[in-house]
Amino acid sequence: MKQLIAIKSPDEQEQWSRPGSLAPFDPEDLARHACDEHWTLVNNNGEPVGRCSLWWRHAPSLPGYRLGIIGHYAVRDGEAARALLQHACEQLTAHGCTMAVGPMDGNTWRRYRLITERGSEPVFFLEPDNPDDWPGHFYGAGFAPLAHFSSAINTELAREDPRMQEVGDRLTTRGVRIRPLNLQRLEDDVHHLYTLSRLSFQDNLLFMPIEEAEFIAQYRHILPRVRPEMVLIAEHLERPIGFVFAVPDLLQAGRGGEIDTVILKTVAVMPECAGAGLGSLLMARVHEIARQLGYTRVIHALMHETNNSLKISRHSAKTIRRYTLFARPLGEQP
């Protein structure tokens, strides 16, 4: 008989951690991510076989629903998944939620969605991974896709889009300049990335703002590994209006191979600048810089199916992976 245990603190979570039993989890994330509840499922031997956190007080919004979020998700098998997800939905229903969304660690700034079509490419740097049976857990518990995402790879970095010369000239005439990340003023530039991200993504599905301190903490472990030439900031009369963030695929080195791939993680453009071609120009500049630095591939990572980034990348990139975020109306039987 399995038992569900409510975890109240990082110390309690640490007590129920067993090496190799579930995917690694930092107990301090319970406090950092301000979840409303955290549950651990243990078997008759006292071994953890599943876990998840729940959010309902401070959750993203979706018109017509009060959302409850299921995140920090990990299970050993399908039996544990059924018990854990059913309990999670019952808890969210009891707290007034009308739809459960997951897996998502509270909001879209953190880890969320599952790989649903893996393809043949190995996992790349900064890409979330999951066992291939996890999507089936959500389908089996009555969830359905809420949003789809994909990653695509461009191997033709020398191929130029003739439109970009005209776009670049036009934006330059208007006073726009594009510069690399300034390591001498890194704190200022990270502040610009935060501000641009908040404004650029505010109309995205399930968007909710986070504090700048959390944004900085998320980037702190990445920044020492970036090449400043591949983090570009566009400015109009010295006011930041867009950026592109790209980083080498460091996981290639861990597999014993040469790093020949760049991960294009984020493209953000101020709403008033949308439609001017700035996003396309920033991506084209990263491709060119990557080629000049000796890289041969660029992965456009984790793009929502309706994002402008995806529309841009379709002209030159091939899809290598697909991901899904799931949702289930509450108060209904699966």
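The values are calculated or read from the model by the stated rules, or taken from the named source; none is laboratory data. This one's a predicted model, so the numbers in the text were calculated from it and none came from an experiment. Cβ sites come from the backbone with ideal geometry, for glycine too, and all protein chains shown count toward neighbours. Note: accessible area is taken over every heavy atom of the protein model, side chains too, but ligands, DNA and RNA are not part of it. Shrake-Rupley method; radii C 1.70, N 1.55, O 1.52, S 1.80 Å.
Worth a mention:
- Each residue in region 69-87 was checked for being part of a helix (DSSP H, G or I), in contact with a Cys (Cβ under 9 Å, 6 or more places away or on another chain) and surrounded by 23 or more Cβ atoms within 10 Å (Cβ to Cβ), and 2 of them qualify.
- Pairs meeting the criteria (first residue in region 150-171 and touching a residue at least 40 places away in the same chain (Cβ under 8 Å), second residue β-branched (Val, Ile, Thr) and in a loop (DSSP other than H, G, I, E, B), beta carbons under 8 Å, at least 6 apart or on different chains) are Thr155/Thr296; Leu157/Thr296.
- Check on His95, over 19 Å from Phe138 (Cα atoms), surrounded by fewer than 21 Cβ atoms within 10 Å (Cβ to Cβ) and at pLDDT 95 or above: yes
- Restricting attention to region 194-207, the residues that are touching a Pro at 6+ places or on another chain (Cβ under 8 Å) and surrounded by 14 or more Cβ atoms within 10 Å (Cβ to Cβ) add up to 7.
- Only listed residue being under 26 Å from Ala274 (Cβ atoms), open to solvent by 20 Å² or more (accessible area, probe 1.4 Å), modelled with pLDDT under 95 and out of contact with any strand residue (DSSP E or B) (no Cβ under 9 Å at 6 or more places or on another chain), chosen from Asp188, Asp169, Asp161: Asp161
- Filter result for Pro228 (surrounded by fewer than 16 Cβ atoms within 10 Å (Cβ to Cβ), touching a Lys or Arg at 6+ places or on another chain (Cβ under 7 Å) and of a type outside the set (A, V, I, L, M, F, W, C)): no
- Qualifying position, being in a strand (DSSP E or B) and under 28 Å from Tyr295 (Cβ atoms), among Arg179, Arg159, Arg185: Arg179
- Considering residues of region 288-322 that are of a type outside the set (Asp, Glu) and closer than 24 Å to Arg66 by Cα only, the residue modelled with the lowest pLDDT: Thr306
- Given (1) buried (at least 19 other Cβ atoms within 10 Å of the Cβ); (2) more than 17 Å from Gln91 (Cβ to Cβ), index of the condition Leu41 fails: (2)
- Options Gly142, Gly136: the member that is assigned to a helix (DSSP H, G or I), open to solvent by less than 80 Å² (accessible area, probe 1.4 Å) and under 30 Å from Gly78 (Cβ atoms): Gly136
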